[in-house]
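The values are calculated or read from the model by the stated rules, or taken from the named source; none is laboratory data. What you see is a predicted model; the values in this text were computed from it and never measured. Because the Cβ atoms are built from the backbone with ideal geometry, glycine has one as well, and the counts that use them run over all protein chains shown.
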Amino acid sequence: MDFHGQYVLEYILILGFSILVSLSSLTLVYDINELNTIMASARSGVLLGSAMDGLAIYPHEKFDNYIKKHPRLITGSKIYFIRVIYEKDGYDPIYKKKKIKLKIYASIKSVYNVADRECIGDRINYYVRRSICKSFNTENLTNTYYNPAFSDNYFITTYDVVWV
Amino acid sequence: MDKNGWVTVDFMVAFMIILLTITSIIAIISDRVETVNSVQEIVEAKILEENIVGIIEAVYSGGPGCSYILKMPSKIRNKSYSITINSSGVYIFFGNNIGTEFINPIRITEGKHSNILLEPDKTYNISNTKFRDNNNEIIVKKI
């Protein structure tokens, strides 16, 4: 008689039950994983955006605009990233995706002008959306400003950065 | 009976879970690595720019006769770049980006032009010479 490869009935039942539970929660796990990837990409975007703003290195067209209208932004400033949160905002029937809005909290000490802060916030939001689109390879679905950004099942927009 | 070449069901389940976890993490990691590379590129560009500003100001402070030999790096993290200097500051261009670093208003020329282009992988002599009315000027010459 073959004594190997044998399992008790209880074990097989538990294993079968575990597999059933795992399969039924697969959608939920996939959804959570997608949200997790969105948030991780958002943090990467904040990192890049705040580095560019902090070191005052900008794309050509933005640089020209800042030098005329926001000269303060041509010199660097220290930006502290605090946190990023998401708010679920229902289902969008046009894009047939669930909608979420990202809100970024950051702090800056040396820029006081509201318009300048808005420019810095816009750049951070731009890199957040770009990073999400890159992670999900959805750059071809959106516009130049990556607004809105798309993941597999989500349609993502951003609030103005909250300066605290 | 074949005692070799078989694995337990526990192992297979554990292996599948690990595999799933790793694939979901890879997307996040690759995105983060790309971000870190971009940030490093920006930081290196900024450091180069600030070094040049520091050298110009040091040479100016040193008075007439002071000079510095500046060797430009060939690339910034495998990307080509160019630097322009004029009396208001140092401008770096790489990819689609521009950065600037202001300098104290001083007269900088390369002989004729006041907009000086510093090219990658070239060497320059930055020197301080006496200009008219007891003022000094910085002259940048390609060696």
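Against the conditions (1) crowded, with 17+ Cβ neighbours inside 10 Å; (2) aliphatic (A, V, I, L, M); (3) away from chain A (no Cβ under 14 Å); (4) outside any strand (DSSP E or B), B:Ala58 satisfies every one except (1).
Selection over segment B:70-82 of residues that are at pLDDT below 90 and exposed (fewer than 12 other Cβ atoms within 10 Å of the Cβ) gives a count of 1.
Residue count for segment B:110-130 under the criterion of being in a loop (DSSP other than H, G, I, E, B), closer than 21 Å to B:Lys75 by Cα and in contact with a strand residue (DSSP E or B) (Cβ under 7 Å, 6 or more places away or on another chain): the result is 3. Scanning segment A:75-94 for residues that are without any contact (Cβ under 8 Å) to a residue 40 or more places away in the chain, closer than 16 Å to A:Tyr112 by Cα and more than 9 Å from every other protein chain (Cβ to nearest Cβ) yields A:Lys78, A:Tyr80. Applying the condition of being in contact with a Lys or Arg (Cβ under 9 Å, 6 or more places away or on another chain) and among the acidic types (Asp, Glu) to segment B:5-36 and asking which residue is nearest to the other protein chains (Cβ to nearest Cβ) yields B:Asp31.
Of the helices (runs of 4 or more DSSP H) lying entirely inside segment A:6-70, those containing at least 3 residues that are touching a helix residue (DSSP H, G or I) at 6+ places or on another chain (Cβ under 9 Å) and under 27 Å from A:Tyr159 (Cα atoms) are A:26-55, A:60-69.
Considering segment A:22-74, the residues that are of a type in the set (Ser, Thr, Tyr), farther than 25 Å from A:Tyr112 by Cα and touching a residue at least 40 places away in the same chain (Cβ under 8 Å) include one that is surrounded by the fewest Cβ atoms within 10 Å (Cβ to Cβ), namely A:Thr37. Yes or no: B:Ser67 at the interface with another protein chain (Cβ under 10 Å from one of its Cβ atoms) and surrounded by 11 or more Cβ atoms within 10 Å (Cβ to Cβ)? Spelling it out, it is not the case that B:Ser67 is at the interface with another protein chain (Cβ under 10 Å from one of its Cβ atoms) and surrounded by 11 or more Cβ atoms within 10 Å (Cβ to Cβ). Taking every residue in segment A:137-164 that is surrounded by 12 or more Cβ atoms within 10 Å (Cβ to Cβ) and pairing it with any residue that is among the basic types (Lys, Arg) and assigned to a loop (DSSP other than H, G, I, E, B), at least 6 positions away or on another chain, the pairs with Cβ-Cβ distances below 9 Å are A:Phe155/A:Lys96.
Part of a strand (DSSP E or B), among the acidic types (Asp, Glu) and under 23 Å from the mean Cα position of the chain (by Cα), is that true of B:Glu101? The answer is yes for B:Glu101. For segment B:75-84, does any single residue satisfy the condition of being in contact with a Gly (Cβ under 8 Å, 6 or more places away or on another chain), farther than 19 Å from B:Ile116 by Cβ and in contact (Cβ under 8 Å) with a residue 24 or more places away in the chain? Yes, some residue in segment B:75-84 is in contact with a Gly (Cβ under 8 Å, 6 or more places away or on another chain), farther than 19 Å from B:Ile116 by Cβ and in contact (Cβ under 8 Å) with a residue 24 or more places away in the chain.
Residue-by-condition table, conditions (1) crowded, with 17+ Cβ neighbours inside 10 Å; (2) under 11 Å from the mean Cα position of the chain (by Cα); (3) on the phi > 0 side of the Ramachandran plot:
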{"position": "B:Ile26", "(1), (2), (3)": "no, no, no"}
{"position": "B:Val39", "(1), (2), (3)": "yes, yes, no"}
{"position": "B:Thr84", "(1), (2), (3)": "no, no, no"}
{"position": "B:Asn97", "(1), (2), (3)": "yes, no, no"}
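Just one of the listed residues (A:Ile82, A:Ile132, A:Ile104) is among the β-branched types (Val, Ile, Thr), closer than 30 Å to A:Val29 by Cβ and surrounded by fewer than 14 Cβ atoms within 10 Å (Cβ to Cβ), and it is A:Ile82.
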